[in-house]
Amino acid sequence: LPACSGFPLIPSLASSGRRCERVMAASKPVEPATGGGSGSGSGLSRWQLALVLGAPILLGAGALYLWGRRAARRGGKGASERKTPEGRASPGPCGGGQPDGPGHEEMSPLDRAQAAKNKGNKYFKAGKYEQAIQCYTEAISLCPPEKNLDLSTFYQNRAAAYEQLQKWTEVAQDCTKAVELNPKYVKALFRRAKAHEKLDNKKECLEDVTAVCILEAFQNQQSMLLADKVLKQLGREKAKEKYKNREPLMPSPQFIKSYFSSFTDDIISQPLLKGEKSDEDKDKEGEASEVKENSGYLRAKQYMEEENYDKIISETTKEIEAKGKYMAEALLLRATFYLLIGNANAAKPDLDQVISMKDANVKLRANALIKRGSMYMQQQQPALSTKDFNMAADIDPLNADVYHHRGQLKILLDQIEEAVEDFNECIRLRPDSALAQAQKCFALYRQAYTGINPMPVQVAVDCFEDVIKKFPKCAEGYALYAQALTDQQQFGKADEMYDKCIDLEPDNATTYVHKGLLQLQWKQDLDKGLELISKAIEIDNKCDFAYETMGTIEVQRGNLDKAIEMFNKAINLAKSEMEMAHLYSLCDAAYAQTEVAKKYGLKPPTL
């Protein structure tokens with residue numbers, strides 16, 4: 001899931017409290033509202049859906065279909081099947097008598113073709129597909145070539161019979177002929193899409209099902225689910241290839257500082273101690289202290305203080321190779337930066353080694369378990385993730401970080417009551433943990449909103465009010481509260497909360513993205529929304545969430561080439577293979593639309 005945007009990256013399930021916003025949005029039911037336009041009713045508006053891209057919703061990867069919400073509110077067709085053959089390509093009577101009936105000599109070629117087709121339909125309904133194919137073939141040979149709609153129906157019916165025999169190549173061929181004769185033939189397009197799926201022609205399948213979705217105004221769940229399935233498959237395939245060959249990329253300093261700020265018992269993120277600094281340099285203001293001893297780890301800590309993050313891995317490697325006295329710390333710090341640059345494969349051996357070092361500081365081992373557990377969750381291995389978090393709690397039961405980050409895990413696993421318990425334990429151990437208190441409010445809000453707990457939403461809202469009064473300098477509290485207010489359509493107050501976030505953290509790009517999305521949902525102010533998201537990119541040109549959101553908006557505006565450009569920028573910044581797969585899905589969805597527009601002149605409604 002995207003950086004800077006809700007689901008924490010591999011390093012931690014709570015690398016910033018701000019990331020909870022995406023999880024919160026994802027907790028909302030994605031069901032059509034009854035009546036009302038965009039932003040009204042109980043369902044998610046298209047702008048709220050923009051907030052939850054990539055989250056585990058019904059159509060997780062389907063950014064292609066954000067604007068389909070308007071059609072969905074008018075009532076969908078559900079998962080209706082398209083199995084049976086049909087009489088005609090357009091409304092009207094089916095036509096003449098049987099080929100062997102009275103007056104056969106006087107029947108026109110089209111009537112004879114229709115009669116053969118009708119006989120084929122009887123065979124089809126009886127499950128006699130070979131005989132049905134023979135009749136449909138006869139209908140094709142009898143039909144006058146200028147009768148495009150009728151001829152397309154015969155090809156489509158024969159494709160339906162081939163489908164029952166699982167002859168996918170023949171299905172695709174007949175559907176292609178049907179579409180050539182009738183380019184907006186939904187049944188033929190969808191049947192060809194299914195055949196392409198069986199033949200592993202994912203790109204062609206996606207293009208066909210995209211055309212179907214547009215022609216059906218996004219009202220058939222079956223079509224949309226197939227599109228979503230293929231998008232995810234394409235995304236995973238492309239991400240797997242791209243990710244193993246990617247160049248490591250260090251995140252922005254703001255992102256790294258935000259990540260480390262989510263830990264309170266993390267030894268490696270603490271400043272250099274007095275005894276670790278050189279006496280002659282420790283009092284020089286504005287200058288980085290020089291370490292007192294020749295230690296790669298301590299030099300790495302010094303570079304951290306200087307925000308010279310690119311040298312961390314090389315310096316910690318020196319400590320590890322020398323088997324210095326800070327070896328455990330160096331392994332953990334190197335693993336952390338491997339995770340930050342998206343190299344989980346390199347991080348895991350370091351984390352494994354720290355966890356197995358029985359004589360190491362227990363807080364180092366617990367921190368390594370938290371980070372490995374978060375890595376497993378990012379890799380969609382929740383059982384392994386849960387095991388690591390539980391082990392961390394066993395070996396260091398007074399470590400507040402364990403409960404804070406495990407609470408985040410429980411939220412993602414939809415175990416909300418357990419999440420609240422973990423946040424409560426974190427708060428008990430560290431009453432000054434503003435982030436844990438804000439996230440507890442979020443968990444309570446989700447319980448109330450989704451009906452998990454009959455507690456009224458107002459209880460959670462009051463909890464947020466208490467937190468921002470008690471911790472007025474906690475930006476995450478305002479950010480999470482803003483999301484809850486947005487869900488309740490209290491847009492004006494949500495906007496005020498985002499402004500407070502910006503006052504406290506003017507260099508946090510994520511806040512500008514969410515505030516921009518709020519303008520779109522609240523006032524339909526496209527210019528202001530884009531201005532704020534552009535500001536986010538200006539602040540942090542490595543914030544892939546900003547590029548992703550910009551791409552999503554451009555899709556909705558119909559600027560598909562611009563959208564693809566934005567998605568590709570986000571792809572190059574992705575910090576995990578799963579995140580990259582999601583972004584490829586968005587990009588492929590936009591590209592499929594461009595191809596459909598070229599082939600069939602079909603374009604979805606735009607803003």
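The values are calculated or read from the model by the stated rules, or taken from the named source; none is laboratory data. In this text the structure is predicted, and so the values were computed from the model without any measurement. Note that each Cβ is placed from the backbone with ideal geometry, even for glycine, and that neighbours are counted across all protein chains shown. Surface accessibility is based on the protein's heavy atoms, side chains included, excluding ligands, DNA and RNA. Shrake-Rupley method; radii C 1.70, N 1.55, O 1.52, S 1.80 Å.
The set of residues in segment 191-214 that are under 19 Å from Gly601 (Cβ atoms), of a type in the set (A, V, I, L, M) and at pLDDT 95 or above comprises Ala193, Leu206, Val209, Ala211, Val212. The number of residues in segment 456-488 that are surrounded by 14 or more Cβ atoms within 10 Å (Cβ to Cβ) and not in a helix (DSSP H, G or I) comes to 3. Checking each residue in segment 206-222 for being touching a residue at least 40 places away in the same chain (Cβ under 8 Å), in contact with a helix residue (DSSP H, G or I) (Cβ under 6 Å, 6 or more places away or on another chain) and among the hydrophobic types (A, V, I, L, M, F, W, C) picks out Leu206, Ala211, Cys213, Leu215, Ala217, Phe218. So, of the residues in segment 430-453 that are open to solvent by 50 Å² or more (accessible area, probe 1.4 Å) and in contact (Cβ under 8 Å) with a residue 40 or more places away in the chain, which turns out to be nearest to Lys469 (Cα to Cα)? The qualifying residue nearest to Lys469 (Cα to Cα) is Arg430.
Answer yes if at least one residue in segment 248-263 is in a loop (DSSP other than H, G, I, E, B), open to solvent by less than 10 Å² (accessible area, probe 1.4 Å), on the phi < 0 side of the Ramachandran plot and hydroxyl-bearing (Ser, Thr, Tyr), and no otherwise. Taking every residue of segment 248-263 in turn, at least one turns out to be in a loop (DSSP other than H, G, I, E, B), open to solvent by less than 10 Å² (accessible area, probe 1.4 Å), on the phi < 0 side of the Ramachandran plot and hydroxyl-bearing (Ser, Thr, Tyr).
Among the residues of segment 386-403, which ones are in a helix (DSSP H, G or I) and either out of contact with any Ser or Thr (no Cβ under 7 Å at 6 or more places or on another chain) or open to solvent by 60 Å² or more (accessible area, probe 1.4 Å) (or both)?
Within segment 386-403, the subset in a helix (DSSP H, G or I) is 386-395, 400-403.
If the condition is that a residue be in a helix (DSSP H, G or I) and either out of contact with any Ser or Thr (no Cβ under 7 Å at 6 or more places or on another chain) or open to solvent by 60 Å² or more (accessible area, probe 1.4 Å) (or both), then Thr386, Lys387, Asp388, Phe389, Asn390, Met391, Ala392, Ala393, Asp394, Ile395, Val402, Tyr403 are the ones that fit.
All conditions but one from (1) under 27 Å from Ala574 (Cα atoms); (2) buried (at least 19 other Cβ atoms within 10 Å of the Cβ) apply to Ala419; the one that does not is (1). Just one of the listed residues (Ile427, Ile370, Ile411) is at pLDDT below 95, open to solvent by less than 50 Å² (accessible area, probe 1.4 Å) and aliphatic (A, V, I, L, M), namely Ile411. Restricting the first member to segment 186-205 and to residues that are open to solvent by 10 Å² or more (accessible area, probe 1.4 Å), and the second to residues that are among the basic types (Lys, Arg) and part of a helix (DSSP H, G or I), the beta-carbon pairs closer than 9 Å and six or more apart or on different chains are His196/Lys202; His196/Lys203; Glu197/Lys229; Glu204/Arg192. None of Lys469, Lys493, Lys440 is under 24 Å from Asp265 (Cα atoms) and of a type in the set (D, E, K, R) except Lys440. For segment 226-257, a residue qualifies if it is in contact with a Gly (Cβ under 9 Å, 6 or more places away or on another chain) and either over 30 Å from Asn508 (Cβ atoms) or without any contact (Cβ under 8 Å) to a residue 60 or more places away in the chain (or both), and the qualifying residues are Ala227, Asp228, Leu231, Lys232. Number of residues in segment 138-169 that are open to solvent by 30 Å² or more (accessible area, probe 1.4 Å) and within 36 Å of the chain's Cα centre (by Cα) equals 5. Within segment 390-411, residues that are under 18 Å from Phe442 (Cα atoms) reach partners that are buried (at least 24 other Cβ atoms within 10 Å of the Cβ) and of a type in the set (D, E, K, R) with beta carbons closer than 6 Å, at six or more positions or on different chains, in the pairs Tyr403/Asp422; Arg406/Asp422; Gly407/Asp422.
I'm checking my understanding of the structure. Among residues of segment 548-594 that are outside any helix (DSSP H, G or I) and under 24 Å from Ala217 (Cα atoms), which one is modelled with the highest pLDDT? Give the steps one after another, and end with the answer.
Step one: list which residues in segment 548-594 are outside any helix (DSSP H, G or I), which gives 558-559, 574-576.
Now narrow it down to the ones that are under 24 Å from Ala217 (Cα atoms): 558-559.
Numbers: Gly558: 89, Asn559: 92.
So, considering only residues that are outside any helix (DSSP H, G or I) and under 24 Å from Ala217 (Cα atoms), the one modelled with the highest pLDDT is Asn559.
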